[in-house]
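Structure first, commentary second.
The values are calculated or read from the model by the stated rules, or taken from the named source; none is laboratory data. This one's a predicted model, so the numbers in the text were calculated from it and none came from an experiment. Here the Cβ positions follow ideal geometry from the backbone for every residue, glycine too, while neighbour counts run over all protein chains shown. Just the protein is used for accessible areas: all its heavy atoms, side chains included, with ligands, DNA and RNA removed. Shrake-Rupley method; radii C 1.70, N 1.55, O 1.52, S 1.80 Å.
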Amino acid sequence: MSKTKAIARFLILAAALVLNFYFIQMHPSHDTETIGFYMDAKSDTAFVGRVYYLTKGQENEGWQSYSEKQSVPASYGNVGKTQTMGYALPANTTAIRFDPAEAEADVEFSNIELRCGEQVLQKFTLDGISADGQKDVTIQKSGGGWMVTSKSGDSRIQMADPDADADVAYVNSIHATSDLVKKIVMIVFMDVVLLLLFWKWDGIVEIPRDVWHNKKLVFQLAKNDFRTRFAGSYLGIFWAFVQPVITIFVYWFVFEKALRAGTQVTKAGISVPYVLWLIAGLIPWFYFSEAYSSGTNAMLEYSYLVKKVVFTIDILPVVKVVSALFVHLFFIGFTVVVYALNGFFPTVYMLQMLYYSFAMILLVTAQVYFSASIVVFFRDLSQIINIVMQIGVWFTPIMWNIDAMNLSRPVTFILELNPMYYVVMGYRDALINNVWFWEHGTLTVYFWALVVVLFIIGSVVFRRLKVHFADVL
């Protein structure tokens, strides 16, 4: 056994011990700290509804205790149509007052309830709603809900006092069980990955070793690939930068302007201008989509090199990955400038974009070795991947805010399995949320374990099929 291989195996065993200890002692997710107050509203005018709340210990102090500090606003803008309005309140809320409008309005409410995740804690009926003694506010039954008529700009509705503590405790117990199952699954998954690394080390490092030994050739081919992509056009490589900018503008216009009222739920909870939030998600996706699609066709495009006996074809998929990187690096700088022009100046957290870009490069490299091998024998795969990319951009929280969608835990868990979820949310953590990547420990371990699994599969398939590439091409 070589010295390098021995060191590698020692590091793998050390990583297994550290990660197993991390997951075993990892605390469960925090107990539920908020509950949701939801209602369906339909009004003849736009308004801002505000929920005031009191927490345990304040309920006996009366309406004088309500203050702006303990209130949550939400906008109704879909005039004449039913819109769900949601408010996040502390889990120990004991009293709720709802101010439905700041002007005269007729608002029809229905399905008023408190929720903890998908668990409905309390449904409000007409008996549990009062006008709080106001003469200029009337509440009456209307179809499946209640019609609230306000003849002043300072109307308020008192809700029946909620007592959600017991139900929240029950939901927390369910979450604890779910966390235990996830912990066991992650430990087993991670140990299997490390075991594969331990026993298949020689085969796994073969391709990375070839790429490293030919790194100058890879870089030269990538530069030539980038230059020749737009050869013959008057504007040349300028087109590589125009398309992403136009795409960003189109998405921004549709979600921010054309469908402004209809996209309030998808944009709820975003603390920065929507265009900045959108850029943080689209920039990594542009690179991933381009590198994956072009890398898949690397063997077909460079078939004349594949047929050369003395050429190391292992490097060809990486050429496409590096070629797409030139535009991505430009857009990282573009993103920083756009954020700075909007008052969000560079911070140390933004350096994480380099980490997440590196993570994305390895992810797409692991994938293209598999797809580039298969497409030689099954040409339809490139079209399938193009369709998957078109669908994937909508299943990744790029245009919509996952935290505001009130999705069930199983659905959220499934969405988080998408490795690009980790990258997209990471870019937003670096640019907006100021969160370090290690603060998402479980998700980080899962992402890198998945990258290793994908690379093992891709490299094994590539090495077994590459001897037949020249014959088929």
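Sorted on the mean count of surrounding Cβ atoms within 10 Å across their residues, most packed first, peptides 371-377, 239-245 read 371-377, 239-245.
In the context of the full set of protein chains, region 338-473 has a per residue accessible area of 46 Å² (1.4 Å probe). On region 418-473, 63 percent of the accessible area sits on carbon and sulfur atoms, based on a 1.4 Å probe. Using 21 Å as the Cα-Cα cut-off, could you pick out the over-long pairs in 215/320; 200/466; 5/200; 56/182? The answer is 56/182.
The separation of region 445-469 from region 187-205, counted between C-alpha centres, amounts to 12 Å. Taking label points 7 Å from Cα along the Cα-to-Cβ direction, residue 239 and residue 307 give a separation of 2.7 nm.
Only one residue of 469, 349, 385 has its Cα farthest out toward the positive end of the dipole of region 345-473, where Lys and Arg carry +1 and Asp and Glu -1 on Cβ, and that residue is 469. Rounded to whole numbers, the Karplus 3J(HN,Hα) couplings from phi for region 37-53 are 10, 10, 7, 9, 10, 9, 9, 8, 8, 6, 7, 10, x, 10, 9, 9, 9 Hz, using 6.51 cos²θ - 1.76 cosθ + 1.60 with θ = phi - 60°, and x at Gly and Pro. If only the Cβ of Lys and Arg carry +1 and only the Cβ of Asp and Glu carry -1, the dipole of region 294-404 around its Cα centre is close to 300 debye. Working ranking of peptides 14-22, 315-323 by packing, defined as the average number of other Cβ atoms within 10 Å per residue, highest first, is 315-323, 14-22.
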